[in-house]
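Asks: Take this structure first; my questions come after.
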Amino acid sequence: MDVNGKVAVVTGAASGMGLAMARTFANSGMKVVLADIEEAALNEVVNDLSGDGHSAIGVRTDVSKLDEVQALADETLKEFGAVHVLCNNAGVGVGAPVGNTSIADWKWTLDIDLWGPIYGVETFLPLIEEQGEGHINSTASMAGLYAGASLGAYNVAKHGVVALMASLERDLRWRESKVRASVLCPGPINTQIVDSERNRDPDDAAAHIDSEQGQKFWEFLTRTLANGMDPAEVGPMVLDAVINEKFWILTHPEMGEIAVNQSRAMLEDQRLTR
Ligand code: NAI
């Protein structure tokens with residue numbers, strides 16, 4: 001797909017990988033709509049992009065609310081008259097083992113990380129199909145391909161996102177649509193995700209169950225991500241998938257082996273790998 005002059009909507013665009021996608025799209029001649037729950041950060045990045053001469057607007061959006069996602073689509077059409085690309089990227093995470101995860105943590109994670117992309121697809125797909133071409137990408141994770149310990153709610157949400165996008169891509173091919181879908185499965189990227197609770201209602205966050213396992217894992221994750229890939233590197237990977245119609249986007253392909261090994265063990269001795 002030729003992206004020049006087309007319109008892209010990116011959620012979670014005030015920080016990390018979403019910001020990188022929005023910048024990369026804008027540098028490729030796209031008009032960009034940045035959506036995020038964090039209004040001050042959103043305004044700052046939109047001002048930066050506009051100051052650089054790009055066509056960019058910001059729409060404060062909570063992706064866990066269907067009416068706000070619909071309002072995002074309305075604003076996009078009002079400003080630019082069309083939409084061609086959607087990146088369902090906003091996400092949060094919490095370190096907690098299954099059996100020790102509060103219902104509030106399950107709901108918070110699934111509402112944003114899984115319902116957000118579902119609302120995005122259901123709202124934007126008909127609008128994108130009207131254009132006769134386009135692309136929907138969602139950010140899952142390596143946690144969408146392999147469910148490790150201490151991250152139960154996140155693993156469930158991200159496996160759901162991978163299934164959502166694979167189902168979507170196959171449904172699009174079934175009806176010979178020109179719209180394509182893809183899924184981004186990042187490994188460790190140096191972003192603010194470890195500080196996800198910054199946007200959470202404190203009353204809701206208070207329901208979090210502090211477990212030693214969850215805390216240790218979060219400390220390990222914080223160290224790992226601090227040494228992770230620069231999010232700026234991820235924007236061009238997503239643009240490449242949009243232009244060249246790729247489905248899987250793995251920032252760390254070597255980590256994909258973990259999913260391959262799991263599938264092999266499933267067939268060979270029916271045991272779960274470590
Ligand atoms: P980040 O925290 O830097 O950016 C996430 C953005 O989403 C923030 O600007 C935040 O304000 C926004 N956001 C949070 N809740 C929202 C809501 N309800 N509605 C709208 N916006 C909301 O983190 P990062 O890493 O850039 O996250 C982007 C995506 O990448 C997420 O889906 C995350 O799960 C995923 N991911 C991140 C990895 C990493 O190593 N950083 C690895 C694998 C996946």
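Asks: Restrict the check to the stretch 169-178 and report whether at least one residue is surrounded by 14 or more Cβ atoms within 10 Å (Cβ to Cβ) and either among the polar types (S, T, N, Q) or farther than 18 Å from Val85 by Cβ (or both).
Replies: yes
Asks: Quick one: which strands (runs of 3 or more DSSP E) sit completely within the stretch 1-90 and have at least 3 residues that are farther than 21 Å from Glu129 by Cβ?
Replies: 56-60
Asks: Consider Val121 carefully, then state whether it is open to solvent by less than 30 Å² (accessible area, probe 1.4 Å), away from the ligand (no atom under 15 Å from the Cβ) and either out of contact with any Ser or Thr (no Cβ under 7 Å at 6 or more places or on another chain) or modelled with pLDDT under 95 (or both).
Replies: no
Asks: If you scan the stretch 195-214, which residues turn out to be farther than 13 Å from Ile37 by Cβ, open to solvent by less than 60 Å² (accessible area, probe 1.4 Å) and assigned to a loop (DSSP other than H, G, I, E, B)?
Replies: Listed by number, the residues that qualify are Ala207, His208, Ser211.
Asks: Something else: Scan the stretch 91-118 residue by residue and report those that are part of a helix (DSSP H, G or I), open to solvent by 10 Å² or more (accessible area, probe 1.4 Å) and touching a residue at least 40 places away in the same chain (Cβ under 8 Å).
Replies: Matches in the stretch 91-118: Ile103, Ala104, Trp106, Trp108, Leu110, Asp111, Ile112, Leu114, Trp115, Ile118.
Asks: Write out, first by first residue and then by second, each pair whose Cβ atoms fall under 8 Å of each other, whose residues are 6+ apart or on separate chains, and whose first residue, in the stretch 259-274, is at positive phi while the second is loosely packed, with under 11 Cβ neighbours inside 10 Å and modelled with pLDDT of 95 or more.
Replies: Within 8 Å, no pair qualifies.
Asks: Of Ala71, Ala82, which residue is closer than 18 Å to Glu122 by Cα and either of a type in the set (Val, Ile, Thr) or open to solvent by 40 Å² or more (accessible area, probe 1.4 Å) (or both)?
Replies: Step by step, each of Ala71, Ala82 is checked, and only Ala71 is closer than 18 Å to Glu122 by Cα and either of a type in the set (Val, Ile, Thr) or open to solvent by 40 Å² or more (accessible area, probe 1.4 Å) (or both).
The values are calculated or read from the model by the stated rules, or taken from the named source; none is laboratory data. These numbers were taken from a predicted model, which means no experiment stands behind them. For neighbour counting, all protein chains shown are included, and Cβ atoms are generated from backbone atoms with ideal geometry for every residue, glycine included. Accessible surface is based on the protein model in full, side chains and every heavy atom, while ligands, DNA and RNA are left aside. Shrake-Rupley method; radii C 1.70, N 1.55, O 1.52, S 1.80 Å.
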